1. Could you grab the relative contact order for the range 247-400? Cα pairs under 8 Å, six or more apart, rounded to a whole percent.
2. Run the dipole for the chain about the Cα centre, Lys and Arg Cβ at +1, Asp and Glu Cβ at -1, nothing else charged, and hand back the magnitude in debye, nearest 20.
3. Rg to Rh ratio, the range 244-320, alpha-carbon atoms and Kirkwood radius?
4. By how many degrees, between 0 and 90 and to the nearest 10, does the Cα long axis of helix 102-111 differ from the longest principal axis of the chain?
5. Hey, got a sec? Which trypsin sites (Lys or Arg not before Pro) in the range 33-75 land in a DSSP loop and have at most 15 other Cβ atoms within 10 Å?
6. Starting from the Cα of LYS323, draw a straight line to each of the aspartates and glutamates and keep only those under 17 Å, dropping any in the same chain fewer than 8 residues away.
7. Under a point-charge model restricted to the Cβ atoms of Lys and Arg (+1) and Asp and Glu (-1), what is the dipole moment magnitude of the range 121-304 relative to its Cα centre, in debye to the nearest 20?
8. Nearest 10 degrees, 0 to 90: what angle lies between the long axis of helix 127-136 and the longest principal axis of the chain (Cα atoms)?
Amino acid sequence: MTPPDPKPGATGCEVLAQTLGPLADCWGSEQALSIDGQPLSARIPHTPAFLYNRRCLDRAVTHLRDHLPAELGIHYAIKANPFAPLVRHMAGLIDGFDCASLAEMQLAQGMAQPGQQLSIAGPAKSRAEHRFAIEQGITINAESTGEIERIAAAAQTVGCQARVALRVNPPFGLKGSGMHMGGGARPFGIDSEAIPALLERRHQLAEAGIDLVGLHLFAGSQSLDSDAIGKALDAWMDLLEQWQLTTAFTPRELIVGPGLGVAYHPGDRPLDLAQLAPTFSRLGNRIRALGEREGIRIDARLELGRFLVAGAGVYLTRVVDRKISRGTTYLLCDGGMHHHLALSGNLGAVLRRNWPLVAVDRMDEPATEEVDLAGPLCTPLDVLGKSQALPSLAPGDWVAILQSGAYAASASPSGFLSRDTAIEYLI
Ligand SMILES: Cc1ncc(COP(=O)(O)O)c(C=O)c1O
């Protein structure tokens with residue numbers, strides 16, 4: 001059962017449990033945020049820093065697998081966190097990687113284990129990306145008909161077939177998602193109404209160097225609504241079954257983005273995978289049946305990032321100064337938006353909301369005051385927290401921002417104001 005929202009006066013332990021659900025106990029003891037019994041402030045030499053917790057990564061992947069049918073593998077979307085030691089660790093846990101650039105493909109190639117599969121998605125891919133993917137047998141998720149032509153040209157140059165999956169822009173979005181990437185007009189994917197004609201042309205495309213291996217289905221991310229996730233996955237399967245009937249196309253590869261979200265803000269509840277298990281099981285059954293109609297086993301993967309890595313990361317910052325300005329207490333910290341843009345509300349949020357933030361060495365103490373936390377940048381955008389409930393902190397005390405394992409270090413303007421970058425650790 002999900003614990004209730006932390007109340008004003010909640011301890012760090014309560015915030016941790018509310019935010020991370022089953023992953024919370026990877027972060028240690030009652031008094032201090034810890035790994036293997038050692039407080040983070042004793043394990044890390046300085047702040048600001050990102051710390052990623054191996055055991056928490058293991059737990060996140062195992063927890064998901066425990067709720068998936070055998071038909072569904074897991075692809076890690078490197079864009080969520082491309083820190084090389086973390087990607088290497090993930091390679092031991094998952095079945096393949098989703099890449100978004102040449103550098104991510106090269107990283108994944110170096111880490112992937114035998115039999116693991118790679119794919120690349122994203123609009124406006126470069127010629128170098130197409131060539132590299134074709135040479136290495138990486139599946140290219142085609143985002144437009146123009147891209148299919150460019151892939152065919154690259155395949156001619158390289159002299160071998162390109163493995164291509166059509167990325168579909170569906171007629172629906174993923175309801176409740178923080179990031180809509182499907183439905184309506186989109187730069188991503190090929191509109192679903194144009195897909196059947198392309199599937200009909202698959203033999204012609206094969207002559208032009210395009211091996212149409214499958215489909216890539218991704219409508220949105222960061223959804224905490226199990227019903228909406230279930231409805232979107234059902235709607236995808238309706239489309240696929242309809243296309244099989246009308247075009248006799250059965251994908252050999254299927255990559256499906258479920259859009260599983262994590263709890264970032266007050267009021268958010270972590271997804272309950274037990275509730276989603278019937279949805280995944282239905283998806284697995286429908287995929288199996290789709291393949292059986294053609295006498296094949298479809299290689300199907302769920303493609304996701306933040307759900308696997310967000311909870312395994314914390315951003316650690318230290319209070320440098322405490323001041324009161326006209327009645328508001330400020331904690332001025334050594335970390336800020338240049339390392340963690342999303343925390344400041346400037347990475348796609350319409351309105352900034354507070355993040356789960358705890359006092360690293362005082363996890364068992366109830367919050368006794370509300371404070372604003374700001375970073376070192378000379379801009380009002382550099383906000384870490386507003387009216388945030390915490391125990392009373394002084395210069396030198398450490399603060400951890402939870403859920404910082406995804407879209408944080410690599411998604412932030414680290415060159416802004418020419419300050420030091422945050423060091424990343426995997427422990
Ligand atoms: C194509 C694609 N796959 C996977 C992801 C990963 O999404 P998430 O980290 O929310 O699981 C994204 C995120 O934007 C994406 O665009």
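1. 24 percent
2. Roughly 420 debye, rounded to the nearest 20.
3. Over the Cα atoms of the range 244-320, Rg/Rh equals 1.18.
4. With both axes taken from Cα atoms, the answer is about 90 degrees.
5. Qualifying residues, ordered by number: none.
6. Here the aspartates and glutamates satisfying the reach criterion relative to LYS323 are ASP334, GLU369, GLU370, ASP372, ASP382, ASP397.
7. Its charge dipole is roughly 180 debye.
8. Tilt relative to the chain: about 70 degrees.
Readers should treat all values here as calculations from the given coordinates under stated rules, not as data from a laboratory. All values derive from a computational prediction rather than experimental measurement. A quick note on method: Cβ atoms are made from the backbone with ideal geometry, for glycine too, and the neighbour counts reach across all protein chains shown.
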